[in-house]
Amino acid sequence: MLDLRNAMADLEKSFAEWRWQMLAAGIKAPVPLEELEIHLREDVEQHLRFSGDGEQAFAAAVRRMGRPSELKSEFNKSSRWGFRFWWIWLGIGGFGLVQTAMLNLVGPLVFHRHSSAFFSAKWWADWFPSYIAWIALILVGSAVGLAKWRWERKAISP
Amino acid sequence: MIRKELVAASAEPVILSLLAKGESYGYAIIQEVTARSEGELHWTDGMLYPVLHRMEHRGLIKSRWGESETGRKRKYYSLMKDGKTAMTKHQQQWSLVNSVLTGLRKENYA
């Protein structure tokens, strides 16, 4: 009769090697890695009951689990990073834009300096590049975030 | 064996329909899909988890850590309200596709 506990204990080195391969592929977040390992252990255990050959059961379970690089790529799709990136970028750009406008409008009053009227030659020289830079930052960030979000929404094939 | 594109498209409705019966976990979901499709719907085990995580991010399902009968740690997934709505929509759409194909097949063999 197969001693399942001992058979699983004999495979600990193989499990450690598999974990290392997953980490090397970039699956570093504890939750997916732990979940995958729990699945792998359950699969190996189930097949050990029938075959009795630990190494064979382990190799077959690793094959069924899939290649680490492919798994990493699919986990990236489910990360929602595109959506977060878009908000972070919008926050930075929006903050910069508001700050520029505040300095533009309130600054001259606070510091009792000559106020630059909108669209005068001085305004163009002093402020226009800042407005353009912040708006460009928002637009580029939004485009990158949207592209990433669309990529993440692609159907994942289990 | 069913084509990869169809496997990808059917993953969400299949998972939602399975979870509608009650909470489950990754390994059991894979086993049930394999048994019900007699091995024709082939899922790569590890690829199930990114799908589950994305469905969880979208608020269709939720998860909780629990324990198996043998004391092993397990992550259980269950259906949320938005998941039930999504499942109903999926089932209507797949039924429509099925009825169109069935109708055409009957005409072809009539």
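Every number here is computed from the coordinates shown, using simple stated rules; none is lab data. This is a predicted model, so every value here is computed, not measured. Methodologically, a virtual Cβ is constructed for each residue, glycine included, from the backbone with ideal geometry; neighbour enumeration extends over all protein chains shown.
A few notes on this one:
- Rounded to whole numbers, the Karplus 3J(HN,Hα) couplings from phi for region A:4-21 are 4, 5, 5, 4, 5, 4, 5, 8, 4, 5, 5, 4, 5, 5, 4, 4, 4, 4 Hz, using 6.51 cos²θ - 1.76 cosθ + 1.60 with θ = phi - 60°, and x at Gly and Pro.
- Per-residue Cβ neighbour rank within 10 angstrom, fewest leading, B:S17, B:S95: B:S95, B:S17
- Extension gain, A:D126-A:L105: 0.36 nm per intervening residue step, less the Cα-Cα distance, totals 6.3 nm.
- In region B:16-110, GluC sites (Glu not before Pro) in a DSSP loop with at most 12 other beta-carbon atoms within 10 Å: B:E38, B:E40, B:E69
- Other residues lying with their Cβ under 14 Å from the Cβ of A:P30 contribute a combined charge of +1, Lys and Arg counting +1, Asp and Glu -1.
- Comparing B:S37, B:S24, B:S68 in a Gaussian network model of chain B (Cα springs below 10 Å), the most mobile by mean-square fluctuation is B:S68.
- Label-point gap, in nm, between A:D53 and A:A9 - each point 7 angstrom along Cα→Cβ: 2.4 nm
- Residue pairs exceeding 20 angstrom between C-alpha atoms, taken from A:K77/B:K89; A:K28/B:K75; A:K28/A:K72; A:K77/A:K148; A:K72/B:K84: A:K77/B:K89; A:K72/B:K84.
- By the count of other C-beta atoms within 10 Å, a proxy for reagent exposure, A:R49, A:R41 are ordered fewest to most as A:R49, A:R41.
- Qualifying chymotrypsin sites (Phe, Trp or Tyr not before Pro) in region B:58-103, DSSP loop, other Cβ atoms within 10 Å at most 14: none
- Taking trypsin sites (Lys or Arg not before Pro) in DSSP loop states with no more than 15 other Cβ atoms inside 10 Å as exposed sites, chain B has its longest site-free stretch at B:22-71.
- The string of couplings for region B:62-69 from the Karplus curve (6.51, -1.76, 1.60, θ = phi - 60°) is 10, 10, 8, 7, x, 10, 7, 4 Hz, one whole number per residue in order, with x for Gly and Pro.
- Chain B: calculated mean residue ellipticity at 222 nm from DSSP helix runs of at least 4, using -39500 (n - 2.57): -20000 deg cm²/dmol
- Taking a sphere under 12 Å around the Cβ of B:M47 and counting the other residues whose Cβ falls inside, with K and R at +1 and D and E at -1, yields a net charge of +3.
- For A:R5, the shell of other residues with beta-carbons less than 15 Å away shows a net charge of -2, using +1 for Lys and Arg and -1 for Asp and Glu.
- The mean count of C-beta atoms from other chains within 10 Å of the C-beta of residues in A:64-76, rounded to a whole number, is 4.
- Exposure proxy ranking, count of Cβ atoms within 10 Å, fewest first, for A:Y131, B:Y27: A:Y131, B:Y27
- Long-range HN-HN contacts of B:Y25 with modeled amide H, under 5 Å: B:Y77
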